[in-house]
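Below is one structure, written out as structure tokens; comments come after it.
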Amino acid sequence: MNEQRRLRVALLGAGSVGSQVASLLLQQGDALAERTGAQLELAGIAVRNPDAPRDVELPRELLTTDVESLIVGSDIVIELMGGIEPARTHILTALRAGADVVTGNKALLAEHGAEIFDAADQVGASVSYEAAVAAAIPIIRPLKDSLAGDRIDRISGILNGSTNFILDKMDREGMPAAEAQRMATDLGYLEADPTLDLAGYDAAHKAAILASLAFHTKVSLDDVHREGIESITDEMIEGARHAGYVVKLLAVCERLTEPEGDSVSVRVYPALIDRQHPMANVHGGNNAVFVEAASAGPLMFYGAGAGGRETASAVMGDVVSAARRHIAGGVGVGESPRLSLPVAPVGRIYTRYQVRLEVADAPGVLQEIAGIFNDAGVSVATVDQTQVEEGPDGARSRAMIVLATHRAREEALRATVERLNASDVVVDVVSVLRVEGE
């Protein structure tokens, strides 16, 4: 170990993750020095309020509100503030000063990643962000390094632990949606304003990052088709179980190969997954990422998708890598060249669907519905009558049917649903869920 070399580390933010990172830097100094070849000196911790309570007791003399002074002269800057500003400005300041940056800021990277990576390339610095997508799960480095020589065709994943916890409680314990959400809030999975998780924004940020990396193409949050779990009901969960599926909020990043050329599809929505699929067994607040590569085949990464100490583990891995680069010398490894593949609208994807309809229970109804599907070019695989409503005199008046389709194009399915809504024999299109993982 080179005892003469010291690297100054600036930490921006001391929340649940930042305080754990600070603790690891302070407690594991000798071990980190052995792994990196340099002493990592925590130069300071930028916070809004030095007197605020924290998960970990930190030396008061390290806390500062003077972010600019802390950044200047640091070799590695760890940004764990979250949000867009002032995090973006601080990262750009650090890069222009020649510091390497480690961040877990998914929203910032999804919306301003290209600007940040360009700034790093201009000065030969590096930007590492393993903690930005799946907390403790190592997925960024495998995509960036281990699979760099392969062609990634598809990534699908459970990227939000909060929604997975809620859907898992509904599925395995039959817990009503409102009660599952209250429990998630009480346990700290959901914030007071749960929109970021429930509406799919958190997963969409992460999907944009994964797609940009896997397909070497700039993908922003605005490119991601997003649907949340707000409309998922107890009846939909039970219907999925009856059909052998489980409902998960799924992020899908896919390369589409068509005669007019390759494109990229990035979407987040609740989907049905066969109960035998590995992702169906991702329970609680855990995350999983399923990668399909041309040569390596299917690969699954599974683990804790949240938690201060767990996420800090990913941050520290990036810190060690940045420190080793400083010791070895040379410029940081930038992002791979951009292919600039177009991002396709969700209407161009192909998948299977489960459509639940409340219909008039009368002769010829199924024939008319089958004709609607056929006219739109959507082939029906199975039909299952799940419930019959009786009229006042005991006569059957309405039926609940579930139709499963073969693979079909999204725009064709949308046209089918529009015609179903307009049909006299359809009382209500109760739900439409995509089937993924098959």
Given the convex hull of the Cα atoms of region 178-291, what is a quarter of its surface area in nm²? 8.5 nm²
Put T351, T233, T65 in order of accessible area, largest first, probe 1.4 Å, and you get T65, T233, T351
How big is region 123-165 along each principal axis, measuring the range of its Cα positions in Å and listing the largest first? 41, 26, 14
Using heavy-atom solvent-accessible surface (probe 1.4 Å) with all chains present, what is the largest-first order of M81, M316? M81, M316
Where does the chain land at 222 nm, in deg cm²/dmol rounded to the nearest 500, when only DSSP H runs of n ≥ 4 count, each adding -39500 (n - 2.57), divided by all residues? -10500 deg cm²/dmol
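Relative to the Cα centre, what is the charge dipole magnitude of the chain, using +1 at the beta carbon of each Lys and Arg, -1 at the beta carbon of each Asp and Glu, and rounding to the nearest 20 debye?
Working: 39 positive and 62 negative charges, 235 e Å.
Computed about the Cα centre, the dipole is about 1120 debye.
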Principal semi-axes in Å for region 249-382 [√(5λ), Cα gyration tensor, largest first]: 43, 22, 12
J(HN,Hα) series, region 344-361, from Karplus relation 6.51 cos²θ - 1.76 cosθ + 1.60, nearest Hz, glycine and proline x: 7, x, 4, x, 8, 6, 10, 7, 9, 9, 10, 10, 9, 10, 9, 10, 5, 8
P(r) of region 1-71 over all Cα-Cα pairs, 10 Å bins starting at 0, rounded to whole percent, reads 21, 49, 26, 4
Give the whole-number value, in cubic angstrom per residue, of the convex hull volume spanned by the C-alpha atoms of the chain. 151 Å³
Have a look at G317, A376, A184 and report the one farthest towards the positive end of the charge dipole of the chain, computed about the Cα centre with Cβ charges (Lys/Arg +1, Asp/Glu -1). G317
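What's the extension gain from A148 to H406 if we count 0.36 nm per residue and subtract their Cα-Cα distance? Write out the running numbers ahead of the final one.
Details: separation 258, 0.36 × 258 = 92.88 nm, distance 3.38 nm.
Contour length minus Cα-Cα distance gives 89.5 nm.
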To the nearest 0.05, what FRET efficiency results for R60 and T89 with a Förster distance of 25 Å applied to their C-beta separation? 0.45
Reduced to Cα centres, the span from region 36-97 to region 139-210 in Å works out to 28 Å
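The values are calculated or read from the model by the stated rules, or taken from the named source; none is laboratory data. Every value quoted in this text rests on a predicted model; they were computed, and no experiment measured them. Positions of Cβ are generated from backbone atoms using ideal geometry, with glycine treated the same way; all protein chains shown enter the neighbour counts. Ligands, DNA and RNA are excluded from the accessible area calculation, which covers all protein heavy atoms including side chains. Shrake-Rupley method; radii C 1.70, N 1.55, O 1.52, S 1.80 Å.
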